[in-house]
Amino acid sequence: MAESAQAPKLVYLVTGGCGFLGEHVVRMLLEREPRLHELRIFDLHLSPWLEELKTGPVQVTAIQGDVTQAHEVAAAVAGAHVVIHTAGLVDVFGRASPDTIHEVNVQGTQNVIEACVQAGTQFLVYTSSMEVVGPNIKGHPFYRGNEDTPYEAVHRHPYPCSKALAEQLVLKANGRKVRGGLHLVTCALRPTGIYGEGHQIMRDFYHQGLRLGGRLFRAIPASVEHGRVYVGNVAWMHVLVARKLEQQATLMGGQVYFCYDNSPYKSYEDFNMEFLGPCGLRLVGTRPLLPYWLLVFLATLNALLQWLLRPLLLYAPLLNPYTLAVANTTFTVSTNKAQRHFGYEPLFSWEDSRTRTILWVQATEGLAQ
Ligand SMILES: NC(=O)c1ccc[n+]([C@@H]2O[C@H](COP(=O)([O-])OP(=O)(O)OC[C@H]3O[C@@H](n4cnc5c(N)ncnc54)[C@H](O)[C@@H]3O)[C@@H](O)[C@H]2O)c1
Ligand SMILES: CC(C)CCC[C@@H](C)[C@H]1CC[C@H]2[C@@H]3[C@H](O)C=C4C[C@@H](O)CC[C@]4(C)[C@H]3CC[C@]12C
């Protein structure tokens, strides 16, 4: 990727490019990466919207594949200059087994790293998560923290454990010699809870509200703040970090960055109401309607039912001991590291992010009826 009078023609690979975040990364690259020559989109399930991207000036190559299969990853990575690895199994509801989560998130990431080394690919951006930090099993609050804030990051749940292990692999791989003699430059982005167009959990809450006659019932105190970040800004951060990794290899290699923007600090439910309110839903209660011990009981009951029913069917409700603990623990980020290291500024204001998300929820309304 040497500087030349002519813009270099780059090949990017986005793993998980058909997912919620992956789709936004793919579209952002096509819109805002002028050096892009070929964009490879690697996913277990290819989406139909990929077809419409194939008519543009950039060569778009859709690759159906599995990150747990080293040979499939190696074939997809061969010849790529940059890999953005967003593929992952995002499961905090007990839908997948711990082994599967580990295989996809940890072994899959190891396969991506090895493929980069074998292929001589120099730049790797990994989508990590705030969950590699916390909330921890002790429910310690993380209030407006940054990348250097001390925090006891202790996890038991398979998803945060897998993300933490994968992130460590990516950071440790920084500086490894790749085929051709150059060195791998890696970094990890840690989004907090992402929202925006395509956010399945937001859709679930919306449909739940419709079923309950346009009401949602407050379960968590309004004082418990949650870090949230708009998907378009998370995608923009990925594009920017990938672009700057070459110029700022020494500064950025092996670094972690929280993903942030100007979304307000609010509780999970109050934040969702920023979008669901204008779509006709109402959050009932200024304080939680059920005592916390009852929520703990219900969450434990759900976990027990999930275990008992597993041989017959998959019972995976939103409420379980882990999601309750996350929902009930303050975790917010306040940092400017991405701005300092690679000039990141959010591309979408809070007002834009909010409007876009509301329009998307309203568009799904038709689908719900
Ligand atoms: N959604 C959030 O709030 C959030 C927050 C922080 C970090 N993240 C991280 O961002 C990434 C994307 O998350 P998302 O919310 O878009 O999830 P998602 O489930 O919408 O997208 C993940 C994509 O990865 C693909 N995938 C899963 N297993 C695969 C495999 N074995 N091989 C190839 N592809 C596979 C899926 O098909 C899907 O398209 C994940 O790594 C996740 O850990 C998400
Ligand atoms: C108590 C219930 C009424 C409410 C349950 C809400 C619960 C499903 C929500 C609350 C917080 C959410 C997580 C948070 O936004 C951040 C992440 C990080 C990301 O890497 C994966 C998704 C996850 C864990 C969100 C999942 C849904 C949670 C737990």
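The values are calculated or read from the model by the stated rules, or taken from the named source; none is laboratory data. Bear in mind the structure is a predicted one, so any value in this text is a computation, not a measurement. Glycine gets a Cβ as well: all are built from the backbone with ideal geometry, and neighbour counts include every protein chain shown. We work out accessible area using only protein heavy atoms, side chains counted, and drop any ligands, DNA or RNA first. Shrake-Rupley method; radii C 1.70, N 1.55, O 1.52, S 1.80 Å.
A few remarks follow.
- Sequence-distant aspartates and glutamates (8 or more away, or on other chains) whose Cα lies within less than 14 Å of LYS138: GLU152
- For the chain, the Cα gyration tensor yields ellipsoid semi-axes of 35, 22, 21 Å (square root of five times each eigenvalue, largest first, whole Å).
- Of all lysines in the structure, those lying under 29 Å Cα to Cα from LYS54, and not within fewer than 8 positions of it along the same chain, are LYS9, LYS244.
- In region 83-126, the alpha-carbon atoms span a convex hull of 53 Å³ per residue.
- Distant alpha-carbon pairs in region 26-177 (separation over 24 angstrom), percent: 41
- The share of C-alpha pairs in region 313-369 whose separation exceeds 13 Å stands at 78 percent.
- Highest average first, the peptides 259-268, 306-315 ordered by how many other beta carbon atoms sit within 10 Å of their residues are 259-268, 306-315.
- Here the 3J(HN,Hα) profile of region 292-301, calculated from phi with Karplus coefficients 6.51, -1.76 and 1.60 at θ = phi - 60°, is 4, 4, 6, 4, 4, 4, 5, 5, 5, 4 Hz, Gly and Pro shown as x.
- Each peptide in 169-176, 118-125, 222-229 receives the mean, over its residues, of other Cβ atoms within 10 Å, and ordering these scores from highest gives 118-125, 222-229, 169-176.
- Using alpha-carbon coordinates, inclination of helix 350-368 to the longest axis of the chain, degrees: 70
- Distant-in-sequence amide H partners of LYS266 (H built 1.01 Å from N, under 5 Å): HIS226
- Charge tally in the Cβ shell below 12 Å around VAL229, where Lys, Arg are +1 and Asp, Glu are -1, VAL229 excluded: +1
- Radius of gyration and Dmax over the Cα atoms of region 262-361, both given in Å: 18.2, 52
- Dipole of the chain, positive direction: furthest Cα of THR68, GLY196, ALA219, with charges on the beta-carbon: ALA219
- Full extension of the segment from SER334 to ARG211, taken as 0.36 nm per residue of separation minus the current Cα-Cα distance, would add 40.6 nm.
- Placing one equal scatterer on every Cα of region 30-74 and applying the Debye formula, the log10 ratio I(q)/I(0) at q = 0.23, 0.25, 0.29, 0.32 Å⁻¹ is -0.84, -0.91, -1.04, -1.13.
- The lysines whose alpha-carbon is closer than 17 Å to the alpha-carbon of LYS163, local same-chain residues fewer than 8 away aside, are LYS172.
- Packing here is the average count of other Cβ atoms within 10 Å per residue, and on that basis the peptides 149-156, 105-112, highest first, run 105-112, 149-156.
- LEU283 long-range amide H proximity, modeled H, under 5 Å: LEU216
- The chain - accessible surface per residue (Å², probe 1.4 Å): 45
- Size of charge dipole - region 212-369 - debye, nearest 20, with Cβ of Lys, Arg +1 and Asp, Glu -1, no other charges: 220
- Kirkwood's formula applied to the C-alpha pairs of region 1-83 gives a hydrodynamic radius of 13.1 angstrom.
- Overall dimensions of region 110-167, expressed as equivalent-ellipsoid semi-axes from the Cα gyration tensor (√(5λ), whole Å, largest first), are 28, 13, 7.
- Whole-number Å³ per residue for the convex hull built on Cα positions in region 229-306: 189
- Local net charge near GLN122, Cβ-Cβ under 12 Å (Lys/Arg +1, Asp/Glu -1): +2
- Comparing Cα centroids, region 189-225 and region 246-260 end up 31 angstrom apart.
- Sulfur and carbon atoms: percent of accessible area, the chain [1.4 Å]: 55
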